[in-house]
1. P71: net charge of surrounding residues, Cβ under 15 Å, Lys/Arg +1, Asp/Glu -1, itself excluded?
2. Can you give me the C-alpha center-to-center distance between the stretch 197-239 and the stretch 57-135, rounded to a whole angstrom?
3. Give me the net charge for the shell around E166: Cβ to Cβ below 12 angstrom, other residues only, Lys and Arg +1, Asp and Glu -1.
4. In a Debye calculation with equal point scatterers on the alpha-carbon sites of the stretch 146-225 and no solvent, what is log10 I(q)/I(0) at q = 0.12, 0.19 Å⁻¹?
5. Which FRET efficiency value, to the nearest 0.05, is calculated for A210 and D77 with the Förster distance at 35 angstrom and r the Cβ-Cβ distance?
6. Pulled fully out, how much extra length does the chain show between L27 and H9, if you take 0.36 nm times their separation in residues and subtract their Cα-Cα distance?
7. Can you give me the accessible area per residue for the stretch 95-228, using a 1.4 Å probe, in Å²?
8. Which of R241, R226, R204 moves the most in a Gaussian network model of the chain with Cα springs under 10 Å?
Amino acid sequence: MNNDAPVTHFNLPADPRFACALAAPQLPAGGPPPGLLVTVHDSTRNHTDCARRFAPFGQAHRLVVLAPLFPRDVFGDGQADGYKFLREHDLRYDQLLHAMIDEAVRRTGCDGTRFFLQGYSGGGQFVHRYLLLHPERLHAVSVGAPGVVTVPDETLDWWAGVRDTESLFGRPFNPAMLCNVPIQLVVGDADTETWEIRVQPPSRHWPVDADRLHSNRIDRLRVLHRALLGLGAHAQLVMMRGLRHGQGPGPAAALAQRFFAAHLVVANVTPAAKPAECALPYQPTDLA
């Protein structure tokens, strides 16, 4: 049997502005339906590459791989980042993802009730905010190097925190459910440039404006990591040695696959101890 599931594409019937890449494993007849893994593109809209990175993993582990395409300039205003924050004008990107999942279920018969979720850079922004809103839908999540972060802080409004998610999304923040989701946070230890990400809303997590405005992706992911641990969430922060931001997508996907493989059977996972920040002893070529 071919170990690499073919990648196909479809437009969302309910809103053809949006599309998906889909890799369905080739399985023998019978048996339980395959599970689902969603991988979200970065600002380059590399959704087909995302699907291809995970297709062999999906084939090996009976997972349908779904990679949404959230295009630029949806409202003709030049905006490229709306999907990262889950809403843009009256458009809800979390609901678009749910419609895409429903279509993937219809096409493949996979179980889309809960799924694995991964994204890097702009995709990492979408992924960790989706986690804050919909933890009950997730088996496990891998968040790669987001440029700006939302912390699970109920004293701060969206998108600095989560105080007003019920009024904005109809979704009250549920920290107890969040603590059931295994979380991996990934960033290169050379990911220190800030020219693309000089924005972050004021909050008590950044009491000095200079620190907030000049913080890099490592700093920001550490803030998110500390906030998640403070809730009791099972979050690990993995530093990829020697990697700058642009070198990270492939290694981050490989780390996500290792992480997801450890949680293929997930039922309210409660590790004996919360993993601490760690660094992995490999060179960039090891996970390319």
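1. So the environment of P71 carries a net charge of -2.
2. When both Cα centres are located, 23 Å separates them.
3. -1
4. -0.38, -0.89
5. It comes out at approximately 0.65.
6. 4.5 nm
7. 37
8. R204
The values are calculated or read from the model by the stated rules, or taken from the named source; none is laboratory data. All values derive from a computational prediction rather than experimental measurement. Please note: Cβ atoms are built from the backbone with ideal geometry, for glycine as well, and neighbour counts cover all protein chains shown. Only protein heavy atoms, including side chains, enter the accessible area calculation; ligands, DNA and RNA are left aside. Shrake-Rupley method; radii C 1.70, N 1.55, O 1.52, S 1.80 Å.
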